[in-house]
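The values are calculated or read from the model by the stated rules, or taken from the named source; none is laboratory data. Just so it is clear, the structure is predicted and the values come from calculations on it, not from any experiment. All Cβ positions, even for glycine, are placed from backbone atoms using ideal geometry, and neighbour counts span all protein chains on display. Heads up: the accessible areas ignore ligands, DNA and RNA and are worked out on the full protein's heavy atoms, side chains in. Shrake-Rupley method; radii C 1.70, N 1.55, O 1.52, S 1.80 Å.
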Amino acid sequence: MSHLLEVKNLDVKFDTDEGRITAVENISLSVDQGEVLGIVGESGSGKSVTAKSIMKLNPGNTSYNEDAEIILDNENVLQFTSKQDLKKIRGGKVSMIFQEPMASFAPAIKIGAQMVEQLLIHKNINKEEAKSISINMLKRVGIADAEKRFNQYAFELSGGMRQRAMIAMALSTMPKLLLADEPTTALDVTIQAQVINLIKDIIKEYQMGVIFITHDLGVIAQVADHVAVMYLGSVVEKGPVNEILKNPKHPYTKGLLQALPDINNLDAPLSPIPGNIPSPLDRPTGCVFRTRCPHHNPEGKDGKIEMKLIEVEPGHWVDQCGIKCGQNG
Amino acid sequence: MGDNLISVNNVSVNFDYQENFISKKQKIHAVNNINIKIKKGSFFGLVGESGSGKTTLGRAILGANKISSGNVIFHDDEKDYDLTDMNKQDLKEYRKKAQLIFQDPYAALSPRMTVRDIIAEPLEVMKITNSRQETDERVRDIASKCRLNIEHLRRFPHAFSGGQRQRISIARALVSNPKFIVADESVAALDVSIQADILNLLKQLQTELNLTYLFISHDLSVVAHVCDVVAVMYLGHIVEMGPSRELFKNPKHSYTKALLSSIPSIDPEKRSEAIELKGEIPSALNPPPGCVFRTRCPNPGVDCKGGEIKMGLIEVEPGHWVDQCCAL
């Protein structure tokens, strides 16, 4: 069976004044219909860049490697150059929800007008139909007084409501793939719980594929089916959510879990991962995690082991250097 | 009152609000009738969602916000300071002894000053040291306590990562030798692996330098880990307060229960046990009369639905206080 989305050997590099930065290196991922792939990692790990590549939304100084493929619905997105083609993915087959909904809505245009505008671009319908679809969608995401909200501006809505409106807008074109980039990070916990439940319901209802990006392992545990753990532009471990969170193999995944304060286990000490994330300008050769790895094996320390994912259990892939280190600790 | 450092007595903070120049002046009730005692050497946690008034209360205790009614007493070794009735000299003294660590280490540090100058600034402004040599000594001393590399003192903040910057902010707050620190969401902007490091540092400095913290956060797991006493705020009121273990194991107020259940569990097999709260936090311009939580309460009693029960904490266990609406 072919996947809804398949990313193969993707490198993303940015040309900057200070040199060429490798933001993402050799990433392969896949998402099926009705499946949620969680991508977790700290700031600077390349989560958002990966997601944006799928819509080709990265800025002009971006270069992709030639043998990379992003296959969406049997078409290679990276080959798209014409406006017509790009329109198919941006808002058509793929929609995106961002972290800060205030920044994603135009402040001086009514929410309804923005929703109608994008529907008119992507669907062959008239204004009246677009309006009724939008209002129904606003109702679906749990906004009371949808007709009134339709005629309001983004600043008139509260944070949770704005995020709901954002979700309604992203879903109204019925995308096959939804990219959710930290959609609950700016929200309070009680509102976060509401939004997570809403997203889960909607995925079930519309059977779309989702890439859910977050730095919060708790949120990942609640929504994802599969997880990819990213560090400094590379996937260091990926697999089914249960496997990754209960049986982590890579020292970085283990470190993340130990650094997380757990409310059910208050006696556990908080153990930070030593050191700082290196600048992408001097990305370590070999295993990217070796500068902070608490139990580096001697070969990994010199950067002689190349990054390569190996399947340790069915569906559970771990970087080869990480497997050796993980056994030490 | 020997073992308290800060006593907050019936403190309310209101702000004037006028939508435009012809409309009526209104009052925002940001903080209402708060009573807390912060013991010497304690790690006092203040949790709540955005708009609950936790930052306003923290700033009021530092004298950075005007207190509308009530008073805050700072119990120093020799004398007590009343914040609402303080002369300039006393206020200067108080500023040396009570300091603030901000949330965003990217916004809090001037990009045009070296790390040395950033940390030294409080000493110079408050005229604590007399010579450059003395200043340098104190800067180096506190920098090494905060695990900053002494050789990095001549660099500018842009060369540092988030965690290192937060350590610079901490060093700056501690250089005047304060006794009381308000840490306002000080780890919220950091990645988890760094967050643990900063929390451990704060703990370690507490024992080393005899500090008392007011730790403001929206993250309950963090608060549960580091704080010994916790107060939960909602819409300007404290709805529950107690020793942190007791409060998190045995929450009494429906809001605390809902907050705790909303924390996404790290266990994928334990999905959605969250007590879902309907709607959002009401506006502080016209808070609901009676129990402020009743508009979102999942199991409101008959009395509190009408708003007849006034807000007020009662002690259910020694040291564990719950708002009477939910305690009854």
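By the Cβ distance rule of under 4.7 Å, chain A has these cysteines without a partner: A:Cys293, A:Cys325.
Could you give the Stokes-Einstein D for the protein assembly as shown in µm² per second, using the C-alpha Kirkwood radius, 37 °C, 0.692 mPa s? Could you put the intermediate results ahead of the total?
Values: Rh = 26.9 Å.
Value of D from the Cα-based Kirkwood radius: 122 µm²/s.
Computed per residue of chain B from DSSP H runs no shorter than four, each worth -39500 (n - 2.57), the mean residue ellipticity at 222 nm is -9000 deg cm²/dmol. Computed in the context of the full set of protein chains, the accessible area of chain B at 1.4 Å probe radius has 48% of its extent on carbon or sulfur.
For chain B, what Kirkwood radius comes out of the mean inverse Cα-Cα distance, in Å? Write down the numbers at each step before the final one.
Values: mean 1/r = 0.0472 Å⁻¹.
Every distinct Cα pair counted, the radius reaches 21.2 Å.
Residue pairs exceeding 20 angstrom between C-alpha atoms, taken from A:Lys52/A:Lys88; B:Lys92/B:Lys203; A:Lys52/A:Lys176; A:Lys324/B:Lys270; A:Lys13/A:Lys324; A:Lys47/A:Lys139: B:Lys92/B:Lys203; A:Lys324/B:Lys270; A:Lys13/A:Lys324; A:Lys47/A:Lys139. Put a dot 7 Å past the Cα of A:Asp67, heading toward its Cβ, do the same for A:Glu117, and the two dots end up 4.3 nm apart. Which of B:Phe15, B:Phe215, B:Phe293 moves the most in a Gaussian network model of chain B with Cα springs under 10 Å? Looking only at B:Phe15, B:Phe215, B:Phe293, the largest GNM fluctuation is found for B:Phe15. Listed by chain and number, the aspartates and glutamates whose C-alpha is less than 20 Å from the C-alpha of B:Lys54, apart from same-chain residues fewer than 8 away, are A:Asp188, B:Asp16, B:Asp104, B:Asp184, B:Glu185, B:Asp219, B:Asp228, B:Glu240, B:Glu280, B:Asp323. Charge dipole (Cα centre; +1 on Lys/Arg Cβ, -1 on Asp/Glu Cβ; no other charges) of the range B:1-71 amounts to roughly 120 debye.
A loss of 20 Å² or more of accessible area (1.4 Å probe, protein heavy atoms, ligands and nucleic acids excluded) relative to the isolated chain is seen in these residues of the range B:233-257: B:Arg245.
Using a probe of 1.4 Å, the accessible surface attributed to A:Thr291 totals some 80 Å² when neighbouring protein chains are kept in position.
Report the FRET efficiency, 1/(1 + (r/R0)^6), for A:Ala108 and B:Ser12, where r is their Cβ-Cβ distance and R0 is 41 Å, rounded to 0.05.
Efficiency, from the Cβ-Cβ distance: 0.65.
Relative contact order of chain A: 20 percent, from C-alpha pairs under 8 Å at least 6 residues apart in sequence. The Cα center of the range A:233-293 and the Cα center of the range B:210-269 differ in position by 26 Å.
Taking all protein chains together and a 1.4 Å probe, the residues B:Glu137, A:Glu42, B:Glu246 rank B:Glu137, B:Glu246, A:Glu42 from largest to smallest accessible area. Accessible surface of A:Leu257, taken over heavy atoms with a 1.4 Å probe and every protein chain present, rounds to 40 Å².
Dipole magnitude for the protein assembly as shown: about 1060 debye, using +1 per Lys or Arg Cβ and -1 per Asp or Glu Cβ, origin at the Cα centre. Computed over the range A:187-261, relative contact order equals 17 percent, with contacts defined as Cα pairs under 8 Å that lie 6+ residues apart.
Hey, can you list the residues from the range A:175-194 whose accessible area shrinks by 10 Å² or more with all protein chains present, relative to the chain by itself (probe 1.4 Å, no ligands or nucleic acids)? Listed in order, they are A:Asp188, A:Val189, A:Thr190, A:Ile191, A:Gln192, A:Ala193, A:Gln194. With 20 Å² as the minimum drop in accessible area between chain alone and full protein complex (1.4 Å probe), the qualifying residues in the range B:280-316 are B:Glu280.
Accessible area per residue for the protein assembly as shown, computed on protein heavy atoms with a 1.4 Å probe, is 44 Å². What is the sum of charges, Lys and Arg at +1 and Asp and Glu at -1, for the other residues whose Cβ falls under 12 Å from the Cβ of B:Asp104? Net local charge, B:Asp104 excluded: -1.
Of interest is the spacing of the C-alpha centroids, which for the range A:1-55 and the range A:140-157 amounts to 33 Å. Spacing of the modelled spin labels on A:Gln33 and B:Asn71, each 7 Å from Cα toward Cβ, amounts to 7.2 nm. Using a 1.4 angstrom probe on protein heavy atoms only, the contact between B and A buries about 3600 square angstrom of accessible area, both sides summed. Cα centroid separation, the range A:81-115 to the range B:291-313: 42 Å.
B:Lys270 contributes about 90 Å² of solvent-accessible surface, heavy atoms of the protein only, 1.4 Å probe.
Net charge near B:Thr114: determine it from the other residues with C-beta under 10 Å of the C-beta of B:Thr114, scoring Lys and Arg +1 and Asp and Glu -1.
Taking every Cβ under 10 Å from that of B:Thr114, the sum is +3.
What is the local net charge at A:Val229, summed over the other residues whose Cβ is closer than 11 Å to its Cβ (Lys, Arg +1; Asp, Glu -1)? Intermediate values should be presented prior to the final figure.
Numbers: positive: A:Lys47, A:Lys238, A:Lys249, A:Lys254; negative: A:Glu42, A:Glu237, A:Asp319.
After counting each charged neighbour, the total is +1.
Projecting the Cα atoms of B:Ser262, B:Ile194, B:Val322 onto the charge dipole of chain B, computed from C-beta unit charges around the Cα centre, puts B:Ile194 farthest toward the positive end.
Counting alpha carbon pairs within less than 8 Å and at least 6 residues apart, what relative contact order, in whole percent, applies to the range A:116-262?
Numbers: 132 pairs, mean separation 21.7, N = 147.
Answer for the range A:116-262 is 15 percent.
Taking the Cα centre of chain B as reference, the dipole from Cβ charges on Lys and Arg (+1) and Asp and Glu (-1) amounts to some 560 debye.
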